Amino acid sequence: MTKLLHPVAGAVALVTIATFWLSTALSELFASDASVTVIKTAIPWGFLLLVPALAATGGSGFSLAKGRRAGLIGAKIKRMPFIAGNGIVVLIPSALFLASKAKAAEFDTAFYTVQTLELVAGATNIILLGLNMRDGLKMKGRFRPCQRDRSNSALGVKPML
C-alpha cells in the first residue's frame, strides 16, 4: 500500500502546487482583477488537498526508506525539510495574506511584493519536488537512456557532454 501511496500522493502534491503557481502567474499576466481575486481566494481551499498529500508523501517516503540515508534516498530526504519549511514559513502565510488582500481588492505594493515572493518560493518547491520525483523514478528504474545514448553505447561510443 505504501508503495502505491507514495508516488500518487507525491504526484498530487506536485500537480497541486504547479496548478496554484500557473493559475497565479497566468491570471496576473492575462486576467482581470476579479479573476485574480477568484484564484487567490480559491488557493487556500486547495490546502485541504495539498497538505494531506504532502504529509502522505513524506510519511510514506520515510517508511519506504527504512532508515537508509545514502544515495538518491539521502538526496530526497535532504530536500524535504527545505520543501516543508518553504511551504510552512513562506507559501501558506503568503497565500492567506494574498487571499485577504485580493478579497479586499487591495492590489498594492505589499500585494505584489508578497506575490513575487510566493511565485519564487512556489517555483523553488516545484523544482525540488520534481527532483524528488525524478530520483524516485530513477530508484524504480523508470528512466531509460534516450535512443541516441543507447545507439551510441551499443557502438562503444561515449556520449559527449
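Miscellaneous remarks
- Here the condition is being surrounded by 15 or more Cβ atoms within 10 Å (Cβ to Cβ) and not in a helix (DSSP H, G or I); of F97, F107, it holds for F107 alone.
- Pick from the stretch 56-72, criterion touching a residue at least 24 places away in the same chain (Cβ under 8 Å) and among the hydrophobic types (A, V, I, L, M, F, W, C), ranking: surrounded by the most Cβ atoms within 10 Å (Cβ to Cβ): A56
- Taking first residues from the stretch 22-51 that are without any contact (Cβ under 8 Å) to a residue 12 or more places away in the chain and partners that are open to solvent by less than 90 Å² (accessible area, probe 1.4 Å), the Cβ contacts under 8 Å between residues at least 6 apart in sequence or on separate chains come to A31/I39; S35/S27.
- If you filter the stretch 76-89 down to residues that are in contact (Cβ under 8 Å) with a residue 12 or more places away in the chain and either open to solvent by 30 Å² or more (accessible area, probe 1.4 Å) or of a type in the set (D, E) (or both), you find that the one that is nearest to L137 (Cα to Cα) is K76.
- Unique residue being modelled with pLDDT under 95, more than 16 Å from F47 (Cβ to Cβ) and over 22 Å from the mean Cα position of the chain (by Cα) when the list is R142, R148: R148
- Pairing residues of the stretch 102-124 that are without any contact (Cβ under 8 Å) to a residue 60 or more places away in the chain with residues that are assigned to a helix (DSSP H, G or I) and among the polar types (S, T, N, Q), at Cβ distances under 8 Å and at least 6 apart in sequence or on separate chains, gives V114/S94; L117/S94; A121/N86; A121/S94; T124/N86.
- Residue tally, condition β-branched (V, I, T), surrounded by fewer than 20 Cβ atoms within 10 Å (Cβ to Cβ) and more than 14 Å from the chain's Cα centre (by Cα), over the stretch 40-55: 1
- Options I88, I92, I83: the member that is under 17 Å from P7 (Cα atoms) and either hydrophobic (A, V, I, L, M, F, W, C) or in a helix (DSSP H, G or I) (or both): I83
The values are calculated or read from the model by the stated rules, or taken from the named source; none is laboratory data. Remember, predicted model here, so these are calculated numbers, not experimental data. Ideal geometry is used to build each Cβ from the backbone, glycine not excepted, and the neighbour counts take in all protein chains shown. What goes into the accessible areas is simple: the full protein's heavy atoms, side chains included, and nothing from ligands, DNA or RNA. Shrake-Rupley method; radii C 1.70, N 1.55, O 1.52, S 1.80 Å.
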